[in-house]
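One structure below.
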């Protein structure tokens with residue numbers, strides 16, 4: 001595979017064995033990486049550090065999510081798992097190899113292509129979501145989503161339980177970024193026929209609860225995420241790219257046993273030689289919360305650099321290279337991904353054999369991440 005064409009991505013590479021041409025799909029591979037990207041950070045090409053074992057963990061998670069979808073009759077780009085990723089169908093990408101970037105230059109119903117859309121869904125209400133902020137500000141009406149009173153965050157969206165999803169559409173390949181679209185604008189931009197559009201919408205709405213309910217079986221709450229679509233050689237619509245993983249979607253977990261949280265506050269107060277009174281003040285604030293939720297997705301990394309103030313400085317042009325995350329936080333996040341992969345795939349033994357370490361209970365590592373996030377938010381992280 002080393003001599004094949006590779007499309008480098010921030011979180012995974014696409015290795016192409018056979019290029020798609022005209023109406024004939026190609027063959028390729030998704031190879032997840034230890035690297036990542038947040039905030040569309042482009043300085044020096046990539047984020048300055050990687051997450052140990054992230055690529056391996058993601059491969060297990062991605063393959064299981066593809067398997068869940070395909071076992072339930074949902075068409076995807078997936079062919080089969082491989083050692084470090086998965087084998088996939090490759091289709092033409094807007095703006096590459098002579099295929100038009102401008103949607104109006106693509107004939108409606110054109111086959112063998114990625115659709116220039118991202119479709120965003122909400123299932124549980126993420127405590128830090130823009131949707132919750134919109135509810136609080138009155139920009140959106142929470143009753144339109146089935147709530148009878150203003151939610152606090154962490155709740156399942158009532159309409160989602162009835163498969164009444166309010167999907168959000170953005171561009172994918174527009175050079176100006178991910179631009180919001182109305183449903184009608186998205187349909188026009190998709191260059192899909194009416195039947196293809198309905199096929200794609202039904203497929204997404206079928207897959208959302210499938211993956212989300214699987215997550216619930218693992219005591220995870222799949223808050224929100226995104227899907228992409230492709231059209232195959234026969235004109236059928238399928239799910240493109242990866243989905244149902246902590247890179248594309250946001251997962252949270254409720255930590256119900258406060259003693260687990262307290263143990264990690266005590267551990268880090270001693271390990272980092274923190275002022276006991278300051279740590280106690282943070283604990284007292286945490287105790288005021290009715291429920292403790294923790295991100296178990298890439299959102300943890302976003303939170304870290306939002307809470308320590310770097311993102312704001314970066315947006316204002318006052319900072320460029322982000323500070324390193326403490327080794328303890330990096331290790332805990334890596335452990336969280338491995339634990340996620342183990343329970344998601346059911347292949348704990350394989351993961352232990354590859355890493356040489358035992359995977360930790362997910363709620364335990366979630367409690368550690370929770371404490372680390374609280375200390376960082378209050379300026380106590382080294």
For the range 272-294, state whether one or more residues are over 19 Å from residue 36 (Cα atoms), within 28 Å of the chain's Cα centre (by Cα), assigned to a loop (DSSP other than H, G, I, E, B) and without any contact (Cβ under 8 Å) to a residue 40 or more places away in the chain. yes
Give the number of residues within the range 25-68 that are over 17 Å from the mean Cα position of the chain (by Cα) and crowded, with 23+ Cβ neighbours inside 10 Å. 2
Is at least one residue of the range 90-104 surrounded by 14 or more Cβ atoms within 10 Å (Cβ to Cβ), within 25 Å of residue 206 (Cβ to Cβ) and modelled with pLDDT of 95 or more? yes
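Yes/no per residue for (1) surrounded by fewer than 24 Cβ atoms within 10 Å (Cβ to Cβ); (2) more than 19 Å from residue 67 (Cβ to Cβ):
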| site | (1), (2) |
| --- | --- |
| 202 | yes, yes |
| 206 | yes, no |
| 210 | yes, no |
| 214 | yes, no |
| 234 | yes, yes |
| 251 | no, no |
Suppose we filter the range 153-192 for residues that are part of a helix (DSSP H, G or I) and either free of Cβ contacts under 8 Å to residues at least 60 places away in the same chain or in contact with a strand residue (DSSP E or B) (Cβ under 8 Å, 6 or more places away or on another chain) (or both); how many remain? 11
Among the residues of the range 295-309, which ones are part of a loop (DSSP other than H, G, I, E, B), without any contact (Cβ under 8 Å) to a residue 60 or more places away in the chain and surrounded by 15 or more Cβ atoms within 10 Å (Cβ to Cβ)? 297
Could you grab me the full set of residues in the range 2-27 that are in contact with a strand residue (DSSP E or B) (Cβ under 7 Å, 6 or more places away or on another chain), in a loop (DSSP other than H, G, I, E, B) and farther than 24 Å from residue 46 by Cα? 19, 20, 25
Which condition number does residue 319 fail, the rest of (1) in contact (Cβ under 8 Å) with a residue 12 or more places away in the chain; (2) touching a helix residue (DSSP H, G or I) at 6+ places or on another chain (Cβ under 6 Å) being met? (1)
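The values are calculated or read from the model by the stated rules, or taken from the named source; none is laboratory data. Given the structure is predicted, the values throughout are model-derived calculations rather than measurements. All Cβ positions, glycine included, derive from the backbone under ideal geometry; neighbour counts span all protein chains shown.
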